[in-house]
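What follows is one structure encoded as structure tokens, with my remarks underneath.
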Amino acid sequence: MGEIRDKVIVITGASSGIGKATATMLAKKGAKVVVGARREEKLKAIVEKLISDGYTASYQVTDVTKRSDVESLVRYAISTYGKVDVIINNAGIMPLSYLEKLKVDEWEKMIDVNIKGVLYGIAAALPVMLKQGHGHIINTSSLSGHTADPSAAVYSGTKFAVRAISEGLRKEMDGRVKVTVICPGITETELGQNITDSDSAAALKELRKNSIPPEAIANAMVYAIEQPDHVDVSEIIVRQTGGI
């Protein structure tokens, strides 16, 4: 297996859930993690805990809907640690709603975070990785990137897009930079807390009764990163046992 120790790993959407679990797990394996998200107090708490436990971590407040913020996060990682080995484009939102309710503003927010946020991460990290001659881009899609269900049409559309972008990038890179897409099933995270459609919120609450911990997804991230140079894990689906 490849060595995670001393890899510089940038993670967006890292203030909670999958991002937080992944940052913690990677730091404990010796990576130098740079976490980004909008909520500074949560980022600061994560980094302070990791540092107090003897690990290497830093943070920068990052709104992935702003290309300049994502570029700044990558530049910060380089100025602090000298390189970027991996970027995990993990930030995402999930304000589910039925299309007939016409929550267009929420559709646009999902497009901005879930699609543009990933593209901005790619745009910031890819030139760096090509110049240094190696790198690994990991994008968080979803099980909803494989299927579309009622109330999740737009969310699924954004996650299908992440899978398509990831696969297209993988083929373009032709081994120069690794590309992985991770597709979590129902996971215990804050995702969906901003749902304003009561019917969709109730349905998600029921689904979450059989959810998996974010550490299960973090394990998948670690597995992809640990692979040797000649192995590129292109996609991993992680779902609850018996999940559809």
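Where only DSSP H runs of four or more residues are counted, the chain gives -14000 deg cm²/dmol as its mean residue ellipticity at 222 nm, each run worth -39500 (n - 2.57). With all pairs of different C-alpha atoms in the average, the Kirkwood value for the hydrodynamic radius of region 136-189 is 11.6 Å.
Note on the chain: dipole from Cβ charges, positive end direction compared against Y223, L119, G133; the farthest Cα belongs to G133. With neighbours defined as other Cβ atoms within 10 Å of a residue's Cβ, the residues L126, L73 order from fewest to most as L126, L73. Between helix 214-226 and the chain there is an angle of about 40 degrees, using the helix long axis and the longest principal axis of the Cα atoms. For region 36-134, the Stokes-Einstein estimate of translational diffusion at 4 °C and a viscosity of 1.567 mPa s comes to 86 µm²/s, using the Kirkwood hydrodynamic radius over alpha-carbon pairs.
The C-alpha atoms of the chain define a longest principal axis, and helix 67-81 lies at about 30 degrees to it. Just checking the listed ones, I225, I11, I51: in the Gaussian network model of the chain with Cα springs under 10 Å, the one fluctuating most is I51.
Treating the beta-carbon of each Lys and Arg as +1 and of each Asp and Glu as -1, no other charges, what is the dipole magnitude of region 8-237 about its Cα centre, to the nearest 20 debye?
Values: 27 positive and 27 negative charges, 102 e Å.
In debye, rounded to 20, region 8-237 gives about 480.
Backbone phi angles across region 17-30, fed through the Karplus curve with coefficients 6.51, -1.76 and 1.60 (θ = phi - 60°), yield HN-Hα couplings of x, 4, x, 5, 4, 5, 4, 5, 5, 5, 4, 5, 8, x Hz in residue order; Gly and Pro are listed as x. Under 21 Å of direct C-alpha separation, and excluding same-chain neighbours fewer than eight residues apart, K101 reaches these lysines: K109, K159, K205.
None of the figures in this text is laboratory data; all of them are computed from the coordinates on show. Every value quoted in this text rests on a predicted model; they were computed, and no experiment measured them. As a convention, Cβ positions derive from the backbone with ideal geometry for all residues, glycine included, and neighbour counts pool all protein chains shown.
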